[in-house]
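The values are calculated or read from the model by the stated rules, or taken from the named source; none is laboratory data. Quick caveat, the model's predicted, so the values are computed rather than measured. Cβ coordinates were reconstructed from backbone atoms using ideal geometry, including for glycine residues, and neighbour counts include every protein chain displayed.
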Amino acid sequence: MTVRHPFRLFINPNHGTPGLVVLPDAGFRRARAAIAAWPGYAPTPLVDLPAVDAPGPGEGAALVRLKDEGPRFGLGSFKALGGAYAVETLVAAERVRGRTDVTVTCATDGNHGRSVAWGARRAGCRCVIFVHETVSQGRVDAIAAFGARVVRVPGNYDDAVREADRQAQANGWFVVSDTSYPGYTEVPRSVMQGYRVMADEAADQWAGPAPTHVFVQAGVGGAAAAVSVHLRARFNPSPKLVIVEPETAACLYESAVANAPTVVGGALETIMAGLACGEPSLLAWQELGRAAFGFMAIPDEAAAETLRWLAGSGHSVGESGVAGLAGYRLAAADEAARRRLGLTADSRVLVFGTEGVTDRAVYDRIRNQLPT
Ligand SMILES: Cc1ncc(COP(=O)(O)O)c(C=O)c1O
């Protein structure tokens with residue numbers, strides 16, 4: 001039985017409004033061809049979950065499927081698809097321009113930096129990664145293992161983003177960010193085109209009638225927007241997309257309520273480390289502000305409980321990777337939320353386990369209910 005936790009749900013009044021093409025299909029086809037040619041490429045599994053807790057017999061969804069990104073390229077998360085692809089694209093373009101001494105940089109809460117560092121090693125360029133105060137040592141070590149220099153800076157994720165920018169300008173480095181803002185969209189667009197491979201595989205693997213609902217977690221929203229664009233292209237009618245964020249870092253939720261990109265400040269404290277972002281990505285907002293059906297803000301306890309529930313079902317999904325499923329489980333157990341989202345016993349739900357165990361110590365503490 002799902003333990004009930006307080007959560008917020010906002011139904012998007014702008015859902016379905018036509019808008020900009022944020023990720024053109026030609027860019028996705030290039031990304032897919034490039035990534036499928038990387039050594040070790042294999043689609044990650046799409047698995048059926050056992051009856052996910054629901055309020056009563058017959059009231060759950062018909063099925064819930066999890067796209068498990070744990071095995072992705074041995075890096076442990078879907079982020080392997082984005083940052084590394086953007087590095088490859090950028091370095092190739094600079095070499096065409098005759099530049100050989102490229103240094104790439106970014107801020108990260110773990111997974112994106114690991115991908116950028118991996119891509120830099122493959123592309124043969126230098127790499128400097130900025131992390132904020134609370135990024136775990138395990139995640140720092142995993143980035144450094146690819147030969148990147150890792151610099152820890154005071155403050156939160158958004159402070160690390162600003163420091164990476166400042167240093168890049170001062171030193172002539174290239175920022176490979178997973179978030180976009182006015183005047184900086186080309187690189188994050190490549191990152192998001194890479195993420196679409198995850199959604200493309202899920203659509204290929206999906207057997208039977210199309211999904212009706214997709215619950216996907218968001219930090220800056222790049223992953224969720226890539227999923228949104230891609231599933232709209234692959235399924236008609238497209239599934240209802242629900243964006244799930246930590247209560248303390250719900251910048252897309254607040255943007256939806258305000259109907260404009262909105263920044264959330266503070267320490268952004270959450271165990272869902274990859275989702276601790278206070279500023280929505282511009283490209284992500286342009287897609288999700290009109291394509292998302294709903295937005296949820298959920299507490300840490302719901303993620304922790306879902307991590308344990310999945311572990312008990314034989315699936316090792318990390319604390320950021322479980323958020324979409326945690327959102328679904330909360331909604332499924334709440335009569336009003338079910339009604340507002342149109343969840344019924346016939347619903348077919350897709351969730352993305354966007355990371356496996358990317359930090360063993362953190363994962364074990366949550367799994368064993370020890371303080372994090
Ligand atoms: C495991 C995991 N899931 C989801 C996300 C969210 O991605 P985005 O910031 O593009 O919304 C992240 C971001 O770091 C992540 O590490």
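Search the range 109-127 for residues that are away from the ligand (no atom under 16 Å from the Cβ) and pair each with any residue that is among the charged types (D, E, K, R) and part of a helix (DSSP H, G or I) when their beta-carbon atoms are under 8 Å apart and the residues are at least 6 apart or on different chains. Filtered contacts from the range 109-127: 122/88; 123/88; 127/121. Checking 208, 183, 172 one by one, the residue that is surrounded by fewer than 24 Cβ atoms within 10 Å (Cβ to Cβ), more than 27 Å from residue 362 (Cα to Cα) and free of Cβ contacts under 8 Å to residues at least 40 places away in the same chain is 183 and no other. In the range 175-191, the qualifying residues are those that are part of a loop (DSSP other than H, G, I, E, B) and not β-branched (Val, Ile, Thr), and the one that is nearest to the chain's Cα centre (by Cα) is 178.
The residues on offer are 148, 210, 202, 164, and the sole one that is over 23 Å from residue 265 (Cα atoms) and in contact with a Cys (Cβ under 7 Å, 6 or more places away or on another chain) is 148. Within the range 141-154, not a single residue is within 15 Å of the ligand (Cβ to nearest atom), closer than 28 Å to residue 46 by Cβ, outside the structural domain of residue 39 (by TED's automatic domain parsing) and surrounded by fewer than 19 Cβ atoms within 10 Å (Cβ to Cβ).
Of everything in the range 255-289 that is among the charged types (D, E, K, R) and either part of a loop (DSSP other than H, G, I, E, B) or surrounded by fewer than 22 Cβ atoms within 10 Å (Cβ to Cβ) (or both), the residue that is farthest from the ligand (Cβ to nearest atom) is 269. The sole residue among 105, 100, 89 that is more than 29 Å from residue 271 (Cβ to Cβ), away from the ligand (no atom under 16 Å from the Cβ) and touching a residue at least 60 places away in the same chain (Cβ under 8 Å) is 89. Consider the range 327-361 and keep the residues that are at pLDDT 95 or above and within 12 Å of the ligand (Cβ to nearest atom). The one that is farthest from residue 198 (Cα to Cα) is 357. Screening the range 1-35 for residues that are touching a residue at least 24 places away in the same chain (Cβ under 8 Å) and small (Gly, Ala, Ser) and picking the one that is surrounded by the most Cβ atoms within 10 Å (Cβ to Cβ) gives 31. The residue list 216, 197, 220, 244 contains one member that is part of a helix (DSSP H, G or I) and among the β-branched types (Val, Ile, Thr), which is 197. Among the residues of the range 142-177, those identified as at pLDDT 95 or above and either touching a Pro at 6+ places or on another chain (Cβ under 8 Å) or among the aromatic types (Phe, Trp, Tyr) (or both) are 146, 173, 174, 177.
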